[in-house]
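Accompanying notes for the structure given below.
Please treat every number below as a calculation from the coordinates, not as lab data. Fair warning: this is a prediction, and the values are worked out from it, not measured in the lab. Positions of Cβ are backbone-derived with ideal geometry, glycine not excepted, and every protein chain shown enters the neighbour counts.
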Amino acid sequence: MNDVKALQEERISIYHDVYDNKVPKRVPVGISLPFEFVAQYGGLNLAQAQWNPSIVEETADKLCQKVYSDTCVFSGSLRFPSFYELMKSQSFVMASNGFIQHPEVVGMMPEDYDYLIEKPYDCILERVLPRQYKALDAADPINSAISLTKSVLAYNNDFMESGMIVGKLTEKYGYYPGNLFSGGFSEAPFDFIADQLRGFKGISMDIRRIPDKLKEACEAVYPIVFKKGLPAQISNYGQVFLPLHMPTFMREKDFENLYWPTFKRMLDEYASMGIHCSIFCEDDWTRYLDYLYDLPTDTVLMFEYGDPKIIKGKLGKKHIITGLYPIVNLKTKSEKECVDEVKRYIDILAPQGKYIFGFDKQPLLLNDINLENLCAVAETVRDYAVYTNPGDTAGIEFKKEEYKVEPSRKLESKYYKTWDQYKALNPNVSEFGKDKLSNLEDAVFQYLVYLLM
Amino acid sequence: MSDFKHLTEALGNLDEEEVLRILKDFVASNPSQEEAQKAVEACQDGMNIVGEKFETGEYFVGDLIFAGELLNQAIEILKPVIGSASEKKIGTIVLGTVHGDLHDIGKNIFRNMAEAAGFQVYDLGIDQPVEAFVEKVKEVHPDIVGLSGVLTLALEAMKETIDGLKEAGLRDEVKVIIGGNPVNQEVCEHVGADAWTTNAAEGVKICQGWVK
C-alpha cells in the first residue's frame with residue numbers, strides 16, 4: 001500500500017472512530033477553504049473564476065500541499081453566479097469584491113401566511129420564488145421556462161465541476177472522503193421562513209404580531225425542509241448540514257415556542273431513520289446549551305462563540321463538538337500566539353474524544369487571515385492532539401431506536417408528483433421509468449428549494 | 001398630555017397596540033408643537049429603556065428591530081403635529097457598511113438607536129467604497145464615522161476605509177467606531193479604529209460619550 005492510501009486509511013479510521021463513539025488515535029483536523037479564498041490564492045480574478053469553476057484546480061492543488069488537513073482543503077462553493085444570474089436573483093448577489101452573498105430581501109408578505117399554511121410548496125413556487133427570482137415571470141412564461149432550464153443546467157454543471165476537483169484532490173492526497181456538504185443540506189423550518197421568505201426584519205415583526213401563524217407556518221414548511229435535507233444514502237458517517245441562524249437574536253420564550261419544536265422534531269425524525277446532523281450554531285449559544293443537549297446523540301455541533309470549557313462540560317459526552325477556534329486570531333495575532341492558543345483549545349475540547357478540530361467559521365477571502373498562521377495551527381493540531389487511549393469508549397452511544405416521532409405532514413402539491421400520481425396522469429408510462437422519473441422529480445425539487453437556502 | 005410617562009413605558013415594553021393608541025388619541029387632541037416635541041422625547045426615552053433591556057439580556061436583536069419599526073411608526077403618526085421646529089442634534093455620524101459586504105441589519109439598528117438618541121446620521125448604505133466615506137466626511141464634517149460589516153472580509157475593508165480617511169487628512173477630525181459580528185479589541189487595533197462594539201446600544205453610548 002502506498003503512503004497516500006495508508007494516510008487515507010488513517011484519516012478514515014480517526015473520523016469513523018469519532019462517529020462510532022470511540023476515542024480516535026488523534027483529533028481529526030477539519031480545515032476547508034472556500035472557492036473564493038482558493039481563487040484569490042492563485043491570483044485569479046474572483047468574479048471571473050466563479051464563472052469557470054474548473055479554473056481553480058491548480059491553485060487548489062497547491063493549497064493542499066501547503067495546508068495540512070484531514071479533509072480536502074478545497075471545500076468547493078455553495079454559490080456560483082451562473083445559476084443565480086440566469087434567474088435574475090435578488091436573494092444571492094455579487095458584491096463589489098466578487099463575493100456572492102445574501103442581502104436582506106423579502107420573498108413573502110404577511111398576507112401570504114394563510115396560503116403558506118394551506119399549501120406551502122404551492123405558495124413558495126407561485127409567490128416567493130418569483131419575488132426573489134425575477135426571471136420567473138408569469139407574464140412571460142416561455143422565457144421563464146428557458147431561464148429556469150438554463151439555470152438548472154448551470155447549477156448541475158458548476159457543482160459537478162467543483163465537486164470533481166474535490167474528488168480528484170481527495171484521492172491524490174488521501175483525504176477523508178466526506179466533507180461538510182456530502183450528506184445533505186437544509187435549514188430549520190423557522191430559519192427557512194426567516195431568511196428568504198420574510199427577512200430578518202419581517203420575522204422580527206411576525207414574532208410579536210402574529211406568533212400563532214408563524215408557528216403554524218413552521219409546521220407547514222416542515223415537510224419541505226425535511227425532504228430537502230434527506231441524504232441519498234443513510235450512513236453513520238454522513239451528516240445533514242444545517243446552518244442555524246435566528247436563535248440567538250430571539251428571546252428564549254420565542255425560541256422555545258416558535259423555533260425549537262419543529263427543529264427538534266426534524267432532528268429526531270432523522271435520528272429515527274439513523275440519519276445524523278451537523279449543525280452550525282451561529283453566534284453565541286451559551287444560553288441554549290440545555291436545549292442542544294436534548295438533540296439526538298452524536299449530533300455534530302459546530303460552534304462560533306462561547307466558552308469551550310462550559311460547552312465541553314455540558315455537551316462533550318453526548319455530542320461531537322467542532323468549531324470555536326477564532327479565525328480572526330489568524331489575522332490579528334502572531335504565529336506563536338496562535339499556536340499557544342490552539343493548544344489551550346485542544347486541552348479543553350479534545351479529552352475523551354467526540355471532538356473534531358475546526359475554526360469558528362471559514363475564512364472567506366485571502367486577506368481575512370495570515371495563511372502562515374493557519375498552517376502552523378493545523379500542523380500543531382495534527383502533532384499535538386494525539387490520544388493515549390485510542391479505542392476507548394468516548395461517551396454516550398447513539399441508538400436510533402430511542403427516537404420516535406409522530407408522522408408529519410407529507411409534501412403535497414400539484415407541483416410535486418409522486419410516482420403513483422404521475423402514473424395516474426400517464427397510464428401508459430413504463431415501470432422501467434420509475435426510478436429515472438422519480439429522481440428527476442426530486443432533482444427539480446432540490447434545485448428549487450436550494451434557491452431559497 | 002399626562003400620558004407621556006405611560007407612552008415611554010409602553011414603548012419600552014414594545015407594546016405596539018398601546019403605543020399607537022396613545023399617539024392616535026394624542027394627535028386627535030390637537031396638541032401644540034411644544035407638546036408634540038414632548039411626545040417625541042417620550043418615545044426616545046422609551047428607546048433608551050429598550051437599549052437598557054437589550055444590555056441586560058432581556059431583549060435581543062429581533063426586539064431592537066421591532067423597536068426601530070415601532071419608533072418609525074410613532075414618528076409617522078406625530079409628523080403632522082411636530083411642525084417645523086427641529087430638534088437640536090447632539091452630533092453627526094457618517095455611517096455605512098464597508099465595501100464587499102452587503103449586510104445592513106446591524107447598521108440599521110444602530111442608525112435607528114443613534115437617531116433616537118439625537119444624532120444626525122448620514123447612512124451611505126451597503127457595500128460602500130472608501131471614496132464614498134471620504135467624500136461624505138469632507139462634505140458634512142461629522143463627529144463620528146461608523147463602519148459596519150458582518151463577514152470576516154469586512155475587516156480588511158474597514159482597515160482600507162480608515163487608511164483612506166488618513167490619506168485624505170481626515171482621520172484626526174473624526175472618531176471611528178466599528179461594529180458587527182467579527183470585530184473585537186484586536187481587530188479594532190489592527191484596523192486603526194477608536195472603538196468597537198457588537199452591541200448597538202453600547203455603540204450609541206460610546207458615541208454619546210464622544211460628543212459630550
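Here are some notes:
- Legend: mean number of C-beta atoms from other chains within 10 angstrom of residue C-beta atoms, peptide B:60-71, equals 6.
- The Kirkwood radius of region A:163-207, taken over pairs of alpha-carbon atoms, gives through the Stokes-Einstein law at 37 °C and 0.692 mPa s a diffusion coefficient of 247 µm² s⁻¹.
- Hits among lysines - C-alpha to C-alpha of B:Lys53 under 24 Å, sequence gap 8 or more where chains match: A:Lys201, A:Lys253, B:Lys5, B:Lys38, B:Lys107, B:Lys205, B:Lys212
- The alpha-carbon of A:Lys404 sits under 18 angstrom from the alpha-carbons of these aspartates and glutamates, leaving out residues fewer than 8 places away in its chain: A:Glu219, A:Asp268, A:Glu269, A:Asp294, A:Asp298.
- Using the rule -39500 (n - 2.57) for each DSSP H run of four or more residues, divided by the residues of chain A, the 222 nm mean residue ellipticity is -13500 deg cm²/dmol.
- Local charge for A:Phe445 was computed over the other residues whose Cβ lies under 9 Å away, with Lys and Arg +1 and Asp and Glu -1, and equals 0.
- Gap separating the Cα centres of region B:19-67 and region A:300-364, nearest whole Å: 42
- For region B:12-77, a simple Cβ point-charge model (Lys and Arg +1, Asp and Glu -1, everything else neutral) yields a dipole of about 140 debye relative to the Cα centre.
- For A:Ile100, the residues 5 or more places off, or on other chains, whose built amide H falls under 5 Å of its own are A:Ala95.
- With only Cα atoms counted, region A:38-147 has Rg and Dmax values of 18.5, 54 Å.
- J(HN,Hα) series, region A:379-393, from Karplus relation 6.51 cos²θ - 1.76 cosθ + 1.60, nearest Hz, glycine and proline x: 5, 4, 4, 4, 8, 8, 8, 9, 8, 9, 10, x, x, 5, 5
- Comparing B:Gln44, B:Gln33, B:Gln120 in a Gaussian network model of chain B, where Cα atoms under 10 Å apart are tied by springs, the biggest mean-square fluctuation is seen for B:Gln33.
- For chain A, the Kirkwood hydrodynamic radius from C-alpha pairs, put into Stokes-Einstein at 10 °C and a viscosity of 1.306 mPa s, yields a diffusion coefficient of 69 µm² per second.
- Among A:Tyr176, A:Tyr305, a tally of other beta-carbon atoms within 10 Å of each Cβ gives an order, fewest to most, of A:Tyr305, A:Tyr176.
- Order of B:Trp196, A:Trp260 under a 10 Å beta carbon neighbour criterion, fewest first: A:Trp260, B:Trp196
- Pairwise alpha-carbon distances in region A:211-277 exceed 16 Å for 50% of all pairs.
- Shape box of region B:136-212 [Cα atoms, principal axes, largest first, Å]: 29, 28, 18
- Remark: A:Leu267, B:Leu155, B:Leu147 ranked as A:Leu267, B:Leu155, B:Leu147, counting other beta-carbon atoms within 10 Å and listing the fewest first.
- More than 14 Å apart - percent of Cα-Cα pairs taken over region B:1-78: 56
- Rounded, prolate or oblate (a/c below 1.5 giving rounded, otherwise prolate when a/b exceeds b/c) for region A:391-447 by Cα gyration tensor: prolate
- Under the Karplus curve 6.51 cos²θ - 1.76 cosθ + 1.60, θ = phi - 60°, whole-Hz ³J(HN,Hα) for region A:158-165, x wherever Gly or Pro sits: 5, 5, 5, 4, 6, x, 5, 5
- Across all directions, the average projected area of the convex hull around the alpha carbons of region A:94-186 is 9.1 nm².
- Expressed in Å, the radius of gyration and Dmax of the Cα atoms of region A:131-229 are 18.8, 55.
- Per principal axis, descending, Cα span of region A:350-393 in whole Å: 41, 18, 11
- In this structure, the pairs whose alpha-carbon distance is over 25 Å, taken from B:Lys89/B:Lys175; A:Lys309/A:Lys333; A:Lys134/B:Lys79; A:Lys5/A:Lys436; A:Lys228/A:Lys331, are A:Lys134/B:Lys79; A:Lys5/A:Lys436; A:Lys228/A:Lys331.
- The packing ranking of peptides A:15-23, A:40-48, highest mean first, is A:15-23, A:40-48, where packing means the average number of other beta carbon atoms within 10 angstrom of each residue.
- Selected from B:Gln37, B:Gln185, B:Gln128 as most flexible by GNM, with chain B as the system and alpha-carbon contacts under 10 Å: B:Gln185
- Projection of the Cα convex hull of region B:86-147, averaged over all directions and equal to a quarter of that hull's surface, yields 4.0 nm².
- Two-decimal log10 I(q)/I(0) for chain B, as the Debye equation yields it once each C-alpha is a single scatterer, q = 0.08, 0.09, 0.12, 0.19 Å⁻¹: -0.30, -0.37, -0.63, -1.26
- Separation of the alpha carbons by more than 21 angstrom is noted, of A:Lys343/A:Lys399; B:Lys136/B:Lys166; A:Lys119/A:Lys213; A:Lys22/A:Lys400, for A:Lys343/A:Lys399.
- Distance from the C-alpha centroid of region B:117-132 to that of region A:14-56: 36 Å, rounded to the whole angstrom.
- For region A:313-425, the convex hull spanned by the alpha carbon atoms encloses 222 Å³ per residue.
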